[in-house]
Amino acid sequence: MNGTLPETYSRKRASLGMIALNQMHYTNPYVVAAWSFFFPGFGYIILGEYIQGWMLFLWELLVNVRANFNTAIVLAFTGKFHESADVLAAHGDYWILLYAAVYVYSVLGSYRLAVEANNMFTLAYEENAPIEVFKINAFQFNFFNKKDPWMGAFWSLLMPGLGEMYLRRFTSALFSLGWWMAIVHFSHVLPAMVYTFTGHFRQAVSVLNTEWLLYLPSMYGFAFYNAYVSIVEQDKVFEQQQANYLQQQYQSPSFPIHLHAEEADAMRIVSTFDHSLYLEKAIVHIEKLGIQKTQMFAVPIKKRKQMPGMSLDSLHHSDGKSFFDVPSLLAAFFCALGTIYGFALYWGPVLWGMIGFAGGFLLGAIIKLLTMKPWSNHPGTRPKTEVVLMIDCKKEEAAQLEQILWSNQAFGVAKVGTD
């Protein structure tokens, strides 16, 4: 493969803007529909359909609050059925009658769109169109780069919206942070947390706003899952684009397979890298020493395809599966149940909601571990090398080249001489 790309493309896999980025990726339609079930709009956000996602999110907040639907849910689940019906009919507005149509549309529509998006992604992936990876203006710059999915998930657990900021999706971060703070404010969960952790459980229950409180479990679980998935998929985009660049620029047909025996001072340096900006920095520094492109040969290594079953972190494969889909969904579900029944239990909604979140995630992890099959003889291990870079040089240049390679995080470096 020489890396030559077609001149025209009918589809794009990713788009980079100054304050946002978006990309298509393969998703499990059932997982998308499940997140839409928990909170209308979330399924569309996973797919990168932010306008529809945000519209449905705002619709859910407006209609649910006006109908007192969350309050009615808590009353119904705790056995107060007549009170639940009275809450829905309060003030004679009957806003709940507006709920069903849009809710069903959100679930079914996100499922249908996920199926269509998977087909579009497959075509875009096969077309292998080039992707712009860097933009800058007088106020801001934005770029594709590899990031740590766990770090994004960690920031989202600390505060939903921070994971998207870590990913450099600033419009989404502003939306998520703003509404998270609004929901926290209207639910009065912060004073309830203080009361809970100081042992004043009755006071914690008394200050909580039930209607707004039930939004928190879904938002919290979704923020963790979406941050992780989005960063993994962004890493794939960066790797593919860098592989295209290396194949185009550093796979010269004139690069010799064997060293020339007549050149007594000939030396070949072979190094291995992960896809990263450090690899490109190393190449730039090497070219500054006078090494020509025809003296370098870069080979991006295709990763092992997933065997039947699932590895611990199968989101790193384009199969739409993840070890964390069921744990995240169950964490949100049991967090909601814990919050609901916490109004009738001694420790209160805050503590039982946290227990439900942790218990749901643990139960989901156990289910995945019991049902998945190992895809290699060494579960959990993945090859680190993603690019092999070969450089032909003179022996007196070898030491300096080695230093450049090591300083730019090469996994390994070897020298081959003609002696």
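The values are calculated or read from the model by the stated rules, or taken from the named source; none is laboratory data. These numbers come from a predicted model, not from an experiment. Glycine gets a Cβ as well: all are built from the backbone with ideal geometry, and neighbour counts include every protein chain shown. Keep in mind that these areas ignore ligands, DNA and RNA; they rest on the heavy atoms of the full protein, side chains included. Shrake-Rupley method; radii C 1.70, N 1.55, O 1.52, S 1.80 Å.
Can you pull out every residue in segment 36-49 that is closer than 17 Å to Ala173 by Cβ and over 15 Å from the mean Cα position of the chain (by Cα)?
Scanning segment 36-49 gives a single hit, Gly41.
Against the condition free of Cβ contacts under 8 Å to residues at least 60 places away in the same chain and either farther than 14 Å from Met159 by Cα or surrounded by fewer than 23 Cβ atoms within 10 Å (Cβ to Cβ) (or both), how does Ser206 come out, does it pass? Steps first, answer last, please.
Details: free of Cβ contacts under 8 Å to residues at least 60 places away in the same chain: yes; either farther than 14 Å from Met159 by Cα or surrounded by fewer than 23 Cβ atoms within 10 Å (Cβ to Cβ) (or both): yes.
Taking the combined requirement at face value, the residue satisfies it.
Residue check: is Ile46 open to solvent by 20 Å² or more (accessible area, probe 1.4 Å) and either closer than 23 Å to Tyr99 by Cβ or modelled with pLDDT of 90 or more (or both)?
Judged against the criteria, Ile46 is not a match.
Across segment 310-342, what is the number of residues that are at pLDDT 85 or above and surrounded by fewer than 21 Cβ atoms within 10 Å (Cβ to Cβ)?
Of the residues in segment 310-342, 2 are at pLDDT 85 or above and surrounded by fewer than 21 Cβ atoms within 10 Å (Cβ to Cβ).
Sort out which residues of segment 148-157 are loosely packed, with under 14 Cβ neighbours inside 10 Å and of a type outside the set (D, E, K, R), and write them in order of number.
Within segment 148-157, Trp150 is the sole residue that qualifies.
Can you pull out the residues in segment 246-266 that are under 29 Å from the mean Cα position of the chain (by Cα) and either modelled with pLDDT of 85 or more or hydrophobic (A, V, I, L, M, F, W, C) (or both)?
If the condition is that a residue be under 29 Å from the mean Cα position of the chain (by Cα) and either modelled with pLDDT of 85 or more or hydrophobic (A, V, I, L, M, F, W, C) (or both), then Leu246 is the only one that fits.
Which condition breaks for Val229 when tested against (1) within 23 Å of the chain's Cα centre (by Cα); (2) in a loop (DSSP other than H, G, I, E, B); (3) among the hydrophobic types (A, V, I, L, M, F, W, C)?
(2)
Looking at segment 175-192, can you tell me whether even one residue there is among the hydroxyl-bearing types (Ser, Thr, Tyr) and farther than 26 Å from Tyr225 by Cα?
no
Answer yes if at least one residue in segment 382-389 is open to solvent by 20 Å² or more (accessible area, probe 1.4 Å), modelled with pLDDT of 85 or more and within 30 Å of Leu246 (Cα to Cα), and no otherwise.
Yes, some residue in segment 382-389 is open to solvent by 20 Å² or more (accessible area, probe 1.4 Å), modelled with pLDDT of 85 or more and within 30 Å of Leu246 (Cα to Cα).
Could you go through segment 238-250 and let me know if any residue there is open to solvent by 20 Å² or more (accessible area, probe 1.4 Å), hydroxyl-bearing (Ser, Thr, Tyr) and under 22 Å from Asp274 (Cβ atoms).
Within segment 238-250, one or more residues are open to solvent by 20 Å² or more (accessible area, probe 1.4 Å), hydroxyl-bearing (Ser, Thr, Tyr) and under 22 Å from Asp274 (Cβ atoms).
Enumerate the pairs (first residue in segment 388-406 and closer than 9 Å to Ile269 by Cβ; second residue anywhere and of a type in the set (S, T, N, Q) and open to solvent by 20 Å² or more (accessible area, probe 1.4 Å)) with beta-carbon separation below 8 Å, excluding pairs fewer than 6 apart on the same chain, so at least 6 apart or on different chains.
Taking only residues 6 or more apart or on different chains, the pairs are Leu389/Thr272; Ile391/Gln295; Asp392/Gln295; Cys393/Gln295.
Which members of segment 58-98 meet the condition of being open to solvent by 40 Å² or more (accessible area, probe 1.4 Å), part of a helix (DSSP H, G or I), over 24 Å from Ser176 (Cβ atoms) and not hydrophobic (A, V, I, L, M, F, W, C)?
Once the filter is applied, which keeps residues that are open to solvent by 40 Å² or more (accessible area, probe 1.4 Å), part of a helix (DSSP H, G or I), over 24 Å from Ser176 (Cβ atoms) and not hydrophobic (A, V, I, L, M, F, W, C), segment 58-98 yields His82, Glu83, Asp86, His91, Gly92.
For segment 14-40, give me the residue count where each residue is in a loop (DSSP other than H, G, I, E, B) and either in contact with a helix residue (DSSP H, G or I) (Cβ under 6 Å, 6 or more places away or on another chain) or open to solvent by less than 10 Å² (accessible area, probe 1.4 Å) (or both).
The number of residues fulfilling the criteria is 8.
Take the residues in segment 186-203 that are small (Gly, Ala, Ser) and without any contact (Cβ under 8 Å) to a residue 40 or more places away in the chain; name whichever of them is farthest from Ala223 (Cα to Cα).
Gly199
Say whether the condition of being in contact (Cβ under 8 Å) with a residue 24 or more places away in the chain, in contact with a His (Cβ under 8 Å, 6 or more places away or on another chain) and open to solvent by less than 30 Å² (accessible area, probe 1.4 Å) is met by at least one residue in segment 119-134.
Yes, there is a match, as at least one residue in segment 119-134 is in contact (Cβ under 8 Å) with a residue 24 or more places away in the chain, in contact with a His (Cβ under 8 Å, 6 or more places away or on another chain) and open to solvent by less than 30 Å² (accessible area, probe 1.4 Å).
Scan segment 166-185 and report the pairs whose first residue is in contact (Cβ under 8 Å) with a residue 24 or more places away in the chain and open to solvent by 30 Å² or more (accessible area, probe 1.4 Å) and whose second residue is β-branched (Val, Ile, Thr) and assigned to a helix (DSSP H, G or I), with Cβ atoms within less than 8 Å and a gap of 6+ or a chain change.
So the pair list comes out as Tyr166/Ile231.
So Met55 ticks every box in (1) surrounded by fewer than 17 Cβ atoms within 10 Å (Cβ to Cβ); (2) touching a Pro at 6+ places or on another chain (Cβ under 7 Å) but one. Which box is left unticked?
All conditions are met except number (2).
When Asn145 is evaluated against the numbered criteria (1) surrounded by fewer than 18 Cβ atoms within 10 Å (Cβ to Cβ); (2) outside any loop (DSSP other than H, G, I, E, B); (3) among the polar types (S, T, N, Q), which criterion, by number, is the only one it fails?
Here Asn145 clears every test but (2).
Name the residues in segment 80-95 that are in contact (Cβ under 8 Å) with a residue 24 or more places away in the chain and either within 24 Å of Gly342 (Cβ to Cβ) or of a type in the set (D, E, K, R) (or both), would you?
The answer is Asp93, and nothing else.
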